[in-house]
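Remarks on the structure that follows.
The values are calculated or read from the model by the stated rules, or taken from the named source; none is laboratory data. Note that this is a predicted model, so its numbers are computed, not measured. Positions of Cβ are backbone-derived with ideal geometry, glycine not excepted, and every protein chain shown enters the neighbour counts. Ligands, DNA and RNA are stripped out before the accessible areas are found, and what is left, the full protein with its side chains, is counted by its heavy atoms. Shrake-Rupley method; radii C 1.70, N 1.55, O 1.52, S 1.80 Å.
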Amino acid sequence: MLMKFKNFIFNVLAVSVAITVFVACDDDNESPRPEGDKMQIDAYVLNQGNTYSSIASSIGCLDYTAKTATDSVFYLQNGVLPGNTLQYGVVYGSYFYAIAFDSNVLFVCDKNLKLQTSLNVSNPRAMVTDGGYVYISNYDGHVTKLDTATMSVVGTVEVGPNPEEMAVANGYLYVVNSDGMNYTNNYANGKSVSKINLSTFTVDKTIAVGLNPTKAVADASGNIFIIAMGDYTAIPSTIQKIDANDNVTDVAEATMMAVNGNQLYAVKVETDFYSKCQKTYFSVNTTTLERTDNILSADVEFPISLSIDPSNGHIFVTSHTWGQNGPNYSAAGYLMEFDATGNYLQKYTAGVNPVQVVFPDNH
Amino acid sequence: MKHSSLLLLYMFVAGVVPAVADNVIDTIRVRRLDSVKVGATRISEHITSATPLRIIDETDMSRLNIVDMTDGLNRMAGVFLRDYGGAGGMKTVSVRGLGANHTAVSLDGIIQTDVQTGQIDFSRYNLMSISQMKLIVADDFDGLQSARAACSSSTVELQTALKSWTKPSYKEFTIEHGSFDRYGVQLLWQQQMTKKWTLQAVGHYLYVGNNYPYILTNGVEKEKKHRHNNRVNTYSADIVSLWRINDNAALDVKGHWYDSYFRMPGQVIYYNPYNNERQHNRQFWTNATWSQRLSPKWMLKVRGKWEWNELRYKDVDAIYPNGEWTENYWQREGYLSGVVRYDASRWLRLSYAADYIHNDLNSNQYLNSNVDRNGLLQSLTMNVKWGRVTVNGRWLYSSYDNHAEGVESSRDFDRHNASVSMSWRIIPKEHLYLRAFYKNIFRLPTFTESYYYHLGNADLSPERSTQYGVGLTLQREMALWWRVLRLSVDAYFNKIEDKITSIPLNLHQWRTVNIGKVRAQGCDVSMESRWQINTGHNIILNSSVSWQAITDRTQKGTLTYKRQLAYMPTFTGFVSLAYENPIVNMAFSVTGCSSRWSTHEHSPSTRLPGYAEMGASLWRTISMGNNIFADVKVSIQNLANKNYCVIKGYPMPGRAYRIGVTMKF
């Protein structure tokens, strides 16, 4: 009897101890805030994170001399996270600007990523800078004008549905209207670029382009290049050129691009997103449209973005790692650096979903 | 008649093999078993069942400190509850690492369906109307079960009940109030219309403001916030007719209406509390069960159901065309099932079941405008009881065909599946059992997986599961004062193959493929003890601890290989302690789990810490005279006000009280 009672007590204790142990061993601890002011920053890496997996964004930095990447520099400098779904960054004047789409926020930092101020902006998608202003495209169909002297919004203009990237040329701002949320209706109300006169901040003209345009850059000669992403199935993703007279011509099939002077670098990614990913890297002269193939000496697994450092012409390709079901969307990505002629130089680790590399003097 | 019902009660309580007792009257649920004074404690089905089983009846609900449906599910070893928090937050159940799509839910013996998502959201059930919850792992080999009830890896059975059925007229009025603006009302009316015919009607309404506080941790900063856009408005009405046609036949007919309008706060997003999603669900079903004893050896059970479901989802945001995004879905189901059971001898029982199911779905969504599926299921079940050994086997043949208008229809399937279980009472005088089972089964691709815009893949195969389990159970009366000790230890090994996985194409579009293998290994240990310290004074201790390794086994060398699947804790467990006495009964409970990852890759920043959630309640029945009673219950959930998440970004409510009063007359 006593023996059984002892057994009973032992059972009770064993169960209670087991519960206490696995309950007590964890708590919500973030690592303490280290100091990061004295950092050499040659480039910023925007990691979008993954809102579906509840992974917040982060901003990392590259040090070319030490050949190192440091992630979470924004957090190290400010003790807070740069929101969810960091979408786009620019450096302008003495500030670094970044927008987070799901967080509806614009962060204004100094070049060491010390947060100066943050502003609520509605569904921010992309940015472009000109004449002392930062322009932000809002996914609800607007472009917002921010005066960088006062850090206040000084104007808003309505454009097409779900605008994405912008580019400035010849006193005009070009913004692509994707109508991306209307995909069940085949992006019917997009397929256009709104041309905004920067002196009046009004839409002068709407230019018809391909299906679902999302990217835009300007070359040194005042040409605009956009990518119409198509419908991700039958209609391919295509680069289109808009010249100073607003004539639109197809350039090549590609899914991402970057420009340096009059050279446009592009990648065409063909993938089913789980078993194969085929990439074509090429460049195009923006005036002659002469194409050079196989420009990179090494391959990345699943390119996310392409950028050029204007200070040295180096090409940066960010990428997801490739896992069993295609890209690892919830795991740390990486970026690869190539010199201006496409020779592989260096690989850096990044955060989750590195969507953009931003350079301090790209304005 | 009355005599036989008393006999039935006695047989339940005294632990006569339940199989003997299930004559035709088993369609009528008997409750308040503990109020019957008998000498011996019944041998629980938890102990005798050849497959792991967990039954929670109304008495247990108080003893285990179950305040919400989710508490009940959390008290079942091997269950993992995906809980998005609060009264309106979605709650789905996976058992032994197999995923919510592998868990069937049955209500009064009839399987509930959602062909769109394949998962049943438990937040829609009202605990007040539930008299018994039962978790069946694999199959319980019940010979009067429909073929469809054997179609899943595990089943959660919910049962509603007739109340105090000796009284010809009975009424109940419940009011409930709790933290975060919670108000609930339930009215129950039950009338014995004739000696053989009883009617019951139940109406329920629940409003929860639900803007509960939580702590948002942003880096080194912690800030108190509230959930916004989280209101719940739900009402339901049930009508039940129970007709005891004669001693050998009974017909139950039920009707159910449910209407729930709720807002969704969404995932917690840094710097942006705005969310404007809302959903409106409506459901109607009617079902009938006819039980007939054809001869001393032959039993027949026929079930039928017709169901209509509407889901209207809306997100209001200027980024959408016309400022809002709507998704509306309508589902219908027709169901007919017949079972015959032949009690061949004292040791052999055979049964055959055939079910026909028709499901269709239409929606306002592109590409899945009108799809339907017909299923024909047949099962053969055998129960052999030979001395101290019980052996059960079931063979199931399923055949499904799919149709779709204007798009490629999902593949048709024919499958054979089998399950077996055995139980051996090791020592004649002891209730010590060894049990083992095997089951292979599959789950169908859902209509969303097959047809949804860009996501749908009509070429998907079913996701296959294989389960093996072995266990040891014991029940003893240790002493006159130590009335019950129940122990069970169960180990299992499960496999999932052809796992259906969604792969994102971009922010809005996904596709599904059959890729992936999962292996689940685990062990559940449960214990229950009841001490009678004096007449009318009982202490009841329940506890369980589970260990589970649920790992991806798709491809070596990948980031997820051999890693614990997202959200699956390595350890889960609970302890509850109740003290029943003539003055005021009390119960205390702790539920917890170890840390988890919100991603399969175990990415940094996606680790979720473990937690322990404590709760306590006090309750008693007060006699108001004139045969009127009041059940009063006061409870506190999350006593320590622990800030935690089951799903990352969806904080759970903090400390909350609940007061409920039920007047019975």
* Asked: Which of the lysines could be linked to A:Lys67 by a straight reach, that is with a Cα gap under 27 Å, when you skip same-chain ones fewer than 8 residues away?
  -> A:Lys38, A:Lys111, A:Lys114, A:Lys279, A:Lys347
* Taking all protein chains together and a probe of 1.4 Å, list B:Trp619, A:Trp322 from the most accessible to the least accessible. => A:Trp322, B:Trp619
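Please compute the average number of Cβ atoms from other chains found within 10 Å of each residue's Cβ in peptide B:641-653. It would help to have the intermediate numbers written out before the result.
Working: counts 0, 1, 1, 2, 2, 0, 1, 3, 7, 1, 0, 0, 0.
Across the residues of B:641-653, the mean count of other-chain Cβ atoms within 10 Å is 1.
Does chain B come out rounded, prolate or oblate, given a ≥ b ≥ c as the square roots of the eigenvalues of its C-alpha gyration tensor, rounded meaning a/c under 1.5 and, failing that, prolate meaning a/b above b/c?
Here chain B falls in the rounded category.
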* Asked: Share of chain B's accessible area from carbon and sulfur, percent, 1.4 Å?
  -> 58
* Asked: lysines near B:Lys171 by alpha-carbon distance under 17 Å, same-chain residues fewer than 8 away left out - which ones?
  -> B:Lys163, B:Lys664
* To do: Take peptide B:313-324, look around each residue's Cβ out to 10 angstrom, count Cβ atoms belonging to other protein chains, and average those counts.
  => 4
* **Per-residue SASA entry for B:Asp524, accessible area with 1.4 Å probe, Å² rounded to 10** => 10
* To do: Provide the three semi-axes, in whole Å and in decreasing order, of the ellipsoid equivalent to the range A:122-253 as defined by the square roots of 5 times the Cα gyration tensor eigenvalues.
  => 24, 17, 11
* Report, as an integer, the average count of C-beta atoms from other chains found within 10 Å of each Cβ along A:79-91. => 3
* All other residues with a Cβ under 15 Å from the Cβ of A:Tyr281 taken together, and with Lys, Arg as +1 and Asp, Glu as -1, what is their net charge? -> -4
* Using a probe radius of 1.4 Å on protein heavy atoms only, what is the accessible area buried between chains B and A, both sides summed, to the nearest 100 Å²? -> 5600
* Rank by packing, highest mean first: peptides B:480-487, B:106-113, A:350-357, with packing defined as the count of other Cβ atoms within 10 Å averaged across residues. => A:350-357, B:106-113, B:480-487
* Asked: Ranked by accessible surface with a 1.4 Å probe, highest first, in what order do B:Lys254, A:Lys114 come?
  -> A:Lys114, B:Lys254
* For chain B, what is the mean residue ellipticity at 222 nm derived from helices alone (per DSSP H run of n ≥ 4: -39500 (n - 2.57); sum divided by total residues; nearest 500 deg cm²/dmol)? -> -1500 deg cm²/dmol
* Asked: Would you list B:Glu221, B:Glu580, A:Glu253 from the most to the least accessible area, probe 1.4 Å?
  -> B:Glu221, A:Glu253, B:Glu580
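Give me the net charge for the shell around A:Val175: Cβ to Cβ below 10 angstrom, other residues only, Lys and Arg +1, Asp and Glu -1.
0
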* How high is the relative contact order of chain B, given as a whole-number percent (alpha carbon pairs under 8 Å, six or more residues apart)? -> 11
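Residues with beta-carbon under 15 Å from that of A:Asp204, excluding A:Asp204: net charge, scoring Lys, Arg +1 and Asp, Glu -1?
Surrounding charge for A:Asp204 is 0.
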* Asked: Cross-link partners among lysines for B:Lys301, C-alpha distance below 18 Å, same-chain residues fewer than 8 apart left out?
  -> B:Lys254
* In the range A:223-285, what trypsin sites (Lys or Arg not before Pro) fall in a loop by DSSP, with at most 11 other Cβ atoms inside 10 Å? -> A:Lys276
* How about the range B:403-487: which GluC sites (Glu not before Pro) there lie in a loop by DSSP and see at most 15 other Cβ atoms within 10 Å? -> B:Glu405, B:Glu408, B:Glu430, B:Glu477
* To do: Can you grab the distance from the C-alpha centre of the range B:154-223 to the C-alpha centre of the range A:273-327, Å, no decimals?
  => 58
* Structure fact -> Residue-normalised value, i.e. accessible area per residue, for the range A:122-253 at 1.4 Å probe, in Å², stands at 34
